[in-house]
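Single-structure report; data block below.
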Protein chains: 2
Amino acid sequence: MAYTGKELRSTATEDGRLRLALEEVTLDAPGADEVIVRVEAAPINPSDLGLLLGPADVASMAQADGGLSFDIPESRRGGVRARLGQSLPVGNEGAGTVVAAGENARALEGKRVGMLGGGMYTQFRKLKTRDVVPLPEGASAADGASMFVNPLTALGFVETMRMEGHKAIVHTAAASNLGQMLQKICLADGVPLVNVVRSEEQAAILRDIGATHVLNSKDADFRQRLTDAIAATEATIAFDAIGGGSLGSDIVQAMEQAANRNMKEYSRYGSNSFKQLYIYGALDLAPTTLNRLAFGFQWSVGGWLLTPFMQKAGGEVVGRMRQRVVDELTTTFASRYTRTIGLAEALDPEVLRAYERKATGEKYLIDPSR
Amino acid sequence: MAYTGKELRSTATEDGRLRLALEEVTLDAPGADEVIVRVEAAPINPSDLGLLLGPADVASMAQADGGLSFDIPESRRGGVRARLGQSLPVGNEGAGTVVAAGENARALEGKRVGMLGGGMYTQFRKLKTRDVVPLPEGASAADGASMFVNPLTALGFVETMRMEGHKAIVHTAAASNLGQMLQKICLADGVPLVNVVRSEEQAAILRDIGATHVLNSKDADFRQRLTDAIAATEATIAFDAIGGGSLGSDIVQAMEQAANRNMKEYSRYGSNSFKQLYIYGALDLAPTTLNRLAFGFQWSVGGWLLTPFMQKAGGEVVGRMRQRVVDELTTTFASRYTRTIGLAEALDPEVLRAYERKATGEKYLIDPSR
């Protein structure tokens, strides 16, 4: 039996346009170790928007051939060269019900599962059994839709901190779903966490779940308070979702100032405290500015991405992380969604503008089975 | 017997001034494992200027109390907070003749030695014997004056490349004394090196010693040629002496583009090629700009400094590096000086402006025994 359904596709073209459209896709029968899942919930994460819209200018949105079309500004076209002309499926993760299973996967038939593997903004998705995880009894598709990216990233931050010998963490855009998970993990594991947010409303979200250190970067005394919080926690690693501008730099500088408070002798090369900033998101697309003269020489800034982290951490660590997500799916790793939309609605200009805004506390879920 | 002499000191003060002056210093007799050296040659390295002048505004130079005085611009005062009010000796390395030796150091008496340890812009310097190295027969003080910082840094780059699993190097400000040493080492060791310079004159210096890849960042097609050279050498590590602006970012971007040429499938997270940029100097004091959206996520930018590198590399590696410097002191590690000045001349405004300019091929040597 074949399964036919709609799938959301994103295509960047030679003439500097990006096109979104629904295409019809037909899946043939699953192989021995494969399943076909009817997708019932797939979140729109910031990382999904990166592939869906890439560097397109949302203000240039136009309807075209039943889909949407955008300009890609000249200056940003370098980044899409490698995907030109390819119709790319979108959506890192999701959840749904197994509707067909290969001979080694019969036990999954009819089960509700969470899935990782891309191309989730689709009605039917064929996957290897190793890429699906059965949800606990009673969990809805919405409960399982975000069980990979945010939970494993938040757990990965804490693992990275330990692997690289740090004692406490600074996190930006900290009131996000991911940030709330991280705060819950840190509370449970006794890891000091300095949360940086951009509004009082966001600060309140974190205080409500028990956060001690919550700083609003809009406050006049932000830098002073950041240095104080870093000195108090001895945080020497930061995870930054924003990327653009100088907030990451300000954090490294505050770490250096906190370290200098304890130095007995002046060194023009700065403190011996090694300071690590990882950039894992791009809420701000502007270039990153590093005021490195205030860092000393013991610092590193780099990209952090879940997949290479998991490869480095190895199967045992990842297995333990995955099990914790299943065990705490509706507590530590609960996601809140502000709105659920169908596949066609994702291409409604009004709706697209809303989920593209990435406003705090706003999170969209696509239900392609609607 | 006590040795009394003049010593150059740099002091940053609470009122935002930086003062240079000669002070009289008296050394008492050396301990058992110590020597007193009459300093006969000490280079002015860019790293020395960092301590000597710090972030002072050279245009504001004024003569005061037999020394010189400068403004420190408001915006740069943060970096000197930790040294305020301290009269700091300057000069990382030098060479001279042992004029007094403790009981365990008699063999060094009368010997010409190279020295590391700071405070070399002085007439007499007391040091532990482990911080001096006897020069080979016939070597002058000028030959031995720069046997630590540049040679060990150049060797350290190649060691870092190997330790971190890279195959080839990109180097900026590549026509410097350090850059010429690095090119000679890479030729001897068979390590591909991409040299980035800022003029045709600099390019010629490197070609004369056998460099294959020499790129002028002022050329219109620089970025294209950089990507080609990186693709040809498979360089994934860069050492940048400039620091400010976007040249380092351009190099990482070229590394990513070179890696993308070999990619079969598009990934919005970029290539799997890990790209490392180390900033080891500050020829440009401006902030570092990273156009990280063009890097993918597999990248790191960090500070590189000789002392922590040697601590990490360990005694065996450092011993091997030091021996190579002694063995190749007047070949691979020969430094050229354009002018030798006395201690008092270092405080002549005309002379200071000249050595502060850090023009390529210009290198000053201080001979405090004059």
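The values are calculated or read from the model by the stated rules, or taken from the named source; none is laboratory data. Only a predicted model underlies this, so the values are computations on that prediction, with no experimental measurement involved. Every residue, glycine among them, receives a Cβ derived from its backbone with ideal geometry; neighbour counts consider all protein chains shown.
For (1) modelled with pLDDT of 95 or more; (2) assigned by TED's automatic domain parsing to the domain that holds B:D48, each residue gets a yes or a no:
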site	(1), (2)
B:L306	no, no
B:G315	no, no
B:V325	yes, no
B:T330	no, no
B:Y355	no, yes
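Of all the residues in the range A:63-91, those that are away from chain B (no Cβ under 12 Å) and more than 12 Å from A:G16 (Cα to Cα) number 7.
Report yes if some residue within the range B:290-297 is closer than 30 Å to A:G118 by Cβ and without any contact (Cβ under 8 Å) to a residue 40 or more places away in the chain; otherwise report no.
Going residue by residue through the range B:290-297, those that are closer than 30 Å to A:G118 by Cβ are B:290-297.
Restricting the remaining residues to those that are without any contact (Cβ under 8 Å) to a residue 40 or more places away in the chain gives B:293, B:297.
Looking through the range B:290-297, at least one residue is closer than 30 Å to A:G118 by Cβ and without any contact (Cβ under 8 Å) to a residue 40 or more places away in the chain.
Counting only residues that are within 14 Å of chain B (Cβ to nearest Cβ) and either closer than 21 Å to A:K363 by Cβ or of a type in the set (A, V, I, L, M, F, W, C) (or both), the range A:46-62 holds 10 of them. If you check A:R162, A:R223, A:R207 for being over 19 Å from the mean Cα position of the chain (by Cα) and under 30 Å from B:A294 (Cβ atoms), only one passes: A:R223. One residue is enough: does the range A:331-340 have a residue meeting the conditions of a type in the set (F, W, Y) and either within 13 Å of chain B (Cβ to nearest Cβ) or touching a His at 6+ places or on another chain (Cβ under 8 Å) (or both)? Checked the range A:331-340: no residue is of a type in the set (F, W, Y) and either within 13 Å of chain B (Cβ to nearest Cβ) or touching a His at 6+ places or on another chain (Cβ under 8 Å) (or both).
Against the condition in a loop (DSSP other than H, G, I, E, B) and not assigned by TED's automatic domain parsing to the domain that holds A:L306, how does A:A29 come out, does it pass?
yes
Restricting the search to the range B:44-78, which residues are within 25 Å of B:T340 (Cα to Cα) and either assigned to a helix (DSSP H, G or I) or not assigned by TED's automatic domain parsing to the domain that holds B:Y121 (or both)? Answer for the range B:44-78, where residues must be within 25 Å of B:T340 (Cα to Cα) and either assigned to a helix (DSSP H, G or I) or not assigned by TED's automatic domain parsing to the domain that holds B:Y121 (or both): B:P46, B:S47, B:D48, B:L49, B:G50, B:L51, B:L52. Selection of the range B:184-210 for residues being crowded, with 23+ Cβ neighbours inside 10 Å and farther than 22 Å from B:Y364 by Cα yields B:C186, B:L193, B:V194, B:N195, B:V196. For the range A:287-305, filtered to residues that are within 21 Å of the chain's Cα centre (by Cα) and outside any strand (DSSP E or B), the residue that is nearest to the other protein chains (Cβ to nearest Cβ) is A:L305. Scan the range B:14-27 for residues that are exposed (fewer than 14 other Cβ atoms within 10 Å of the Cβ) and modelled with pLDDT under 95 and the total you get is 2.
This table checks each residue for (1) touching a residue at least 40 places away in the same chain (Cβ under 8 Å); (2) away from every other protein chain (no Cβ under 13 Å); (3) small (G, A, S).
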| position | (1), (2), (3) |
| --- | --- |
| B:G210 | no, yes, yes |
| B:N216 | no, yes, no |
| B:A220 | no, yes, yes |
| B:T227 | no, no, no |
| B:A258 | no, no, yes |
| B:R261 | no, no, no |
| B:N272 | no, no, no |
| B:L285 | yes, no, no |
| B:T307 | no, no, no |
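For the range A:55-78, which residues satisfy the criterion of being crowded, with 21+ Cβ neighbours inside 10 Å and in contact with a helix residue (DSSP H, G or I) (Cβ under 7 Å, 6 or more places away or on another chain)?
Within the range A:55-78, the subset crowded, with 21+ Cβ neighbours inside 10 Å is A:56, A:68, A:70, A:72.
A:L68, A:I72 - these are the residues of the range A:55-78 that are crowded, with 21+ Cβ neighbours inside 10 Å and in contact with a helix residue (DSSP H, G or I) (Cβ under 7 Å, 6 or more places away or on another chain).
Name the residue, out of A:G144, A:G102, A:G119, A:G96, that is within 14 Å of chain B (Cβ to nearest Cβ), surrounded by 15 or more Cβ atoms within 10 Å (Cβ to Cβ) and not polar (S, T, N, Q).
Details: A:G144 fails: within 14 Å of chain B (Cβ to nearest Cβ); A:G102 fails: within 14 Å of chain B (Cβ to nearest Cβ); A:G96 fails: within 14 Å of chain B (Cβ to nearest Cβ).
Result of the check over A:G144, A:G102, A:G119, A:G96: A:G119.
Residues of the range B:237-244 include none that is more than 22 Å from the chain's Cα centre (by Cα) and more than 21 Å from A:V80 (Cβ to Cβ).
Quick one: would you say A:I242 is facing another protein chain (nearest Cβ under 10 Å) and either of a type outside the set (K, R) or closer than 28 Å to B:G118 by Cβ (or both)? Break it down stepwise before answering.
Numbers: facing another protein chain (nearest Cβ under 10 Å): no; either of a type outside the set (K, R) or closer than 28 Å to B:G118 by Cβ (or both): yes.
It is false that A:I242 is facing another protein chain (nearest Cβ under 10 Å) and either of a type outside the set (K, R) or closer than 28 Å to B:G118 by Cβ (or both).
Scan the range A:201-218 residue by residue and report those that are in a helix (DSSP H, G or I) and of a type in the set (A, V, I, L, M, F, W, C).
In the first step, residues of the range A:201-218 are kept if they are in a helix (DSSP H, G or I); the result is A:201-208.
A:A203, A:A204, A:I205, A:L206, listed by residue number.
Within the range B:279-329, the set of residues being under 30 Å from B:T227 (Cβ atoms) and among the hydroxyl-bearing types (S, T, Y) comprises B:Y280, B:T288, B:T289, B:S300.
Inspect the range B:66-81 for any residue being farther than 22 Å from B:L285 by Cβ and in contact (Cβ under 8 Å) with a residue 24 or more places away in the chain and give the result as yes or no. Outline the logic, then answer.
Of the range B:66-81, the ones farther than 22 Å from B:L285 by Cβ are B:66-67.
Checking the rest, the ones that are also in contact (Cβ under 8 Å) with a residue 24 or more places away in the chain come to B:66-67.
Yes, the range B:66-81 contains a residue that is farther than 22 Å from B:L285 by Cβ and in contact (Cβ under 8 Å) with a residue 24 or more places away in the chain.
Screening B:V301 against (1) touching a Leu at 6+ places or on another chain (Cβ under 6 Å); (2) surrounded by fewer than 16 Cβ atoms within 10 Å (Cβ to Cβ) leaves a single unmet condition, (2). Just checking, does the range A:269-280 include any residue being within 27 Å of A:D57 (Cα to Cα) and of a type outside the set (A, V, I, L, M, F, W, C)? Checked against the condition, which is being within 27 Å of A:D57 (Cα to Cα) and of a type outside the set (A, V, I, L, M, F, W, C), the range A:269-280 yields at least one hit. The lone criterion from (1) more than 26 Å from A:A313 (Cα to Cα); (2) surrounded by fewer than 24 Cβ atoms within 10 Å (Cβ to Cβ); (3) at pLDDT 95 or above left unmet by A:V90 is number (2).
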